[in-house]
Amino acid sequence: MTGDGSGPSAVATAWLERIRTEVGRVVDPHDDGVITTDDHGDDAVSTVRFATTDEVPEVHGAFSRFSARLGEVVADGDTLHVGLGDLMAGPPGRAVEQARTVAARAGRHLPADGCRVGIPAECEPVAAALIDGLRSGCTTPGRTRLLVDGRYAEAARTGRRQADTARLAATLTSAPPNVLTPKACAGIAEDIAQRAGLDCEIFGPDEVSRRGFGGLAAIGAGSAHGPHLVRLTYRPERAEACIALVGKGITFDSGGLSLKPPGAMQTMRMDMAGAAAILAVMAGLAVQGCSATVHAILPFAENLPGAGAARPGDIVTAWNGIQIQLLDTDFEGRVVLADGLALASSLRPDLVVDLATLTNAAVVALGPEVAAVIGRDQGAVDVFLAAAAEAGEPMWQLPWAERYLDQVRTSFGVRNHPLADTGRALTAALFLGEFVPADLPWVHCDLAGPAWRGTASEEGGTGFATRTLLTLLRDQG
C-alpha cells in the first residue's frame, strides 16, 4: 500500500504487472519468440552454435582452441560457440539437465533480436532442453527471437513452453511477501483462470472456516492477510484421465508462535513454490493440448504469530473430519496440505500429486538440488520419476516407512510433529498420507532444496517441478 493506504505501492504495481506479463507468455505464446526457418525464412543477425566433442568446429579469434568441452562458450564474430562435450553418452535425464544448464549460460549473451540456433543432429534428443535453456537464460525473452531448423519445430515449442512456465513459477516464488499475500495469490489465480479458460472457485477467510478447512484456517489465523483456498479446473473436450495437483502455498513462513530464528526466515517467501509451480502449469494446459481433466487445489496462508495465531497444543479439524494436534506451528505446511489433499481425494482422480517445500530433512538427505519423492503406490511413483527424468529435474525416491506411523498417529487423530528429530521427511509424508485414501494413487514431492537458488536477497525462485508436471500431464493425457 502507499503511505496513506490509498492504493498499491509502486513496488506492488511493478511486480504484479511483471507477473501478468509472464502469465501472458504462458497463456498466449503466439508471438515470434521461437520460430522455424521453414516458416519465416532466416533473417537472424547472429548465431548460437552448439557442438559436441564428436565434431569440433574451427573457431577463429579465440585465445585458445575451442574444444567443445561441456560448458565452454567462445565468441567468433557474430557466432557464439557452445560446447556440449560428450553429454549424449551419459544418462538421458542427466543429459537433458546438463543441456539446459549449459544453454542457459549461453542465453545470457543473446542479443535482443533474431538469433539463429544451430543444433547438431546427434543432439536431437535434447533439442527441447537447449531451446528451454536459451530462453530461460535470456534477459529479454519478450524481444529475442530464436530461429531453429524446421525439423526441430516441435522440440522448440516444447522448450519454449517449459522455459516460460518455469519463469512464471520462479517469478511468483521470488515476489516479495508483502506483494504476494494470500489474497493476491488468489487474484492471480483468478486472472489465470479467466485468460486460460479454467474453472475457478475461491474461498476467502470466512468461507475457509465455514466450509471446514480447519487446518488452513488455523495456520492463517495469525495474519491480517487471511487464508484463501483456490480450486482451478482444466476441462478438455474429451477427458482421458483425471489428475489432481495440490500445492503448498505459504506466502511467508515465520514459524508462527513456534518462531523461526531470524536468519531462517529470510528466504521464507519461497514457501509457496509448490503452489507457484502448479499455478504456472495450469496457465498453459490449453496451449499444451492436455487431454486430461486437471484439478488444482491451492491453500494459501501467511504463517505469522499474530493475535489469533494457533498455539502449540491446539487441536483443529481438517476438511475430512480428522483431528490434528498442532504441537509445532512451524510444521504448518503439512497442516494446510491436509485440507487440500482431503478435498482433492474427494474428487476420486486417477492420480494425486502434491508439491511442497516441506522439510529441511529432505535437504539434509539429498542436498539442495535434488527433490525427495515419496508414495505408497510404487506404480504412481515410477510414473512421476520417469517424467522427472525425461524433464531433466533431479528427484530421488525415499521410502514409504510405515514403521514410523506411531510418530504421526494419536488416539484421536494425528499430530503435526513426530516427537522425534530424525526421519522427518518420512514422517511428513506419512502425515499427509492420512488424508489420502489408501486405494488412491498419490505422490508427494518435497522440493525444499531445489525450489530456491542463491541468497535471500536474490530472486532465487527456480520454477522447479514445472517441467516434470508438464511432462507428466502430457503423458497422462
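Name the helices (runs of 4 or more DSSP H) wholly within the range 258-297 that hold at least 3 residues that are more than 15 Å from the chain's Cα centre (by Cα) and under 21 Å from ALA163 (Cα atoms)?
Here the list reads 285-288.
Search the range 103-131 for residues being part of a helix (DSSP H, G or I) and among the small types (Gly, Ala, Ser), and hand back the single one that is most open to solvent (accessible area, probe 1.4 Å).
That would be ALA121.
When residues of the range 274-314 are filtered for being closer than 24 Å to GLY460 by Cβ, open to solvent by less than 10 Å² (accessible area, probe 1.4 Å) and of a type outside the set (Gly, Ala, Ser), how many remain?
8
Let me confirm something: among ASP339, ASP350, which residue is closer than 19 Å to VAL294 by Cα, surrounded by fewer than 21 Cβ atoms within 10 Å (Cβ to Cβ) and in contact with a helix residue (DSSP H, G or I) (Cβ under 9 Å, 6 or more places away or on another chain)?
Step by step, each of ASP339, ASP350 is checked, and only ASP350 is closer than 19 Å to VAL294 by Cα, surrounded by fewer than 21 Cβ atoms within 10 Å (Cβ to Cβ) and in contact with a helix residue (DSSP H, G or I) (Cβ under 9 Å, 6 or more places away or on another chain).
Would you mention how many residues in the range 463-475 are surrounded by fewer than 24 Cβ atoms within 10 Å (Cβ to Cβ) and either β-branched (Val, Ile, Thr) or in contact with a strand residue (DSSP E or B) (Cβ under 6 Å, 6 or more places away or on another chain) (or both)?
Residues flagged as surrounded by fewer than 24 Cβ atoms within 10 Å (Cβ to Cβ) and either β-branched (Val, Ile, Thr) or in contact with a strand residue (DSSP E or B) (Cβ under 6 Å, 6 or more places away or on another chain) (or both) within the range 463-475 amount to 1.
What single numbered condition from (1) in contact (Cβ under 8 Å) with a residue 60 or more places away in the chain; (2) open to solvent by 30 Å² or more (accessible area, probe 1.4 Å) fails to hold for ASP86?
(1)
Going by what's in this entry, would PRO418 be described as without any contact (Cβ under 8 Å) to a residue 60 or more places away in the chain, open to solvent by less than 10 Å² (accessible area, probe 1.4 Å) and either touching a His at 6+ places or on another chain (Cβ under 6 Å) or outside any helix (DSSP H, G or I) (or both)?
Taking the combined requirement at face value, the residue satisfies it.
Working only within the range 228-249, note down all residues that are in a loop (DSSP other than H, G, I, E, B) and over 21 Å from ALA451 (Cβ atoms).
ARG235, PRO236, GLU237, ARG238, ALA239, GLU240, ALA241
Please count how many residues of the range 132-157 are assigned to a helix (DSSP H, G or I), in contact with a helix residue (DSSP H, G or I) (Cβ under 8 Å, 6 or more places away or on another chain) and in contact (Cβ under 8 Å) with a residue 40 or more places away in the chain.
Total satisfying the criteria: 7.
Can you tell me which of THR79, THR37, THR53, THR13 is under 19 Å from LEU146 (Cβ atoms), open to solvent by 20 Å² or more (accessible area, probe 1.4 Å) and at pLDDT 85 or above?
THR79
From (1) within 21 Å of PRO349 (Cα to Cα); (2) part of a helix (DSSP H, G or I), pick out the condition that doesn't hold for GLN194.
Condition (1) is where GLN194 drops out.
When you check LEU134 against the structure, is it surrounded by fewer than 20 Cβ atoms within 10 Å (Cβ to Cβ), closer than 24 Å to ARG453 by Cβ, in contact with a Leu (Cβ under 7 Å, 6 or more places away or on another chain) and modelled with pLDDT of 85 or more, yes or no?
no
Taking THR317, is it open to solvent by less than 10 Å² (accessible area, probe 1.4 Å) and of a type in the set (Ser, Thr, Tyr)?
Answer is no for this residue.
Mind checking which residues of the range 46-105 are over 23 Å from ALA155 (Cα atoms) and of a type outside the set (A, V, I, L, M, F, W, C)?
PRO57, GLU58, HIS60, GLY61, SER64, ARG65, SER67, ARG69, GLU72, ASP76, GLY77, ASP78
Scan the range 169-200 residue by residue and report those that are touching a Leu at 6+ places or on another chain (Cβ under 8 Å) and of a type outside the set (Gly, Ala, Ser).
LEU172, VAL179, LEU180, CYS185, ILE188, ILE192, LEU198, ASP199, CYS200, listed by residue number.
Can you pull out the residues in the range 204-225 that are in contact (Cβ under 8 Å) with a residue 60 or more places away in the chain, in a loop (DSSP other than H, G, I, E, B) and either aliphatic (A, V, I, L, M) or open to solvent by 10 Å² or more (accessible area, probe 1.4 Å) (or both)?
Once the filter is applied, which keeps residues that are in contact (Cβ under 8 Å) with a residue 60 or more places away in the chain, in a loop (DSSP other than H, G, I, E, B) and either aliphatic (A, V, I, L, M) or open to solvent by 10 Å² or more (accessible area, probe 1.4 Å) (or both), the range 204-225 yields ARG211, GLY212, SER223, ALA224, HIS225.
Here is a list of conditions, (1) open to solvent by 10 Å² or more (accessible area, probe 1.4 Å); (2) under 29 Å from ILE315 (Cβ atoms); (3) among the charged types (D, E, K, R), and GLU369 meets all of them except one; can you say which number that is?
The number of the failed condition is (2).
The values are calculated or read from the model by the stated rules, or taken from the named source; none is laboratory data. Here the structure is a predicted model, which means the values were calculated and not measured. When we count neighbours, we look across all protein chains shown, and the Cβ atoms used for this are built from the backbone with ideal geometry, even at glycine. In case anyone asks, the SASA skips ligands and DNA or RNA and just uses the protein heavy atoms, side chains included. Shrake-Rupley method; radii C 1.70, N 1.55, O 1.52, S 1.80 Å.
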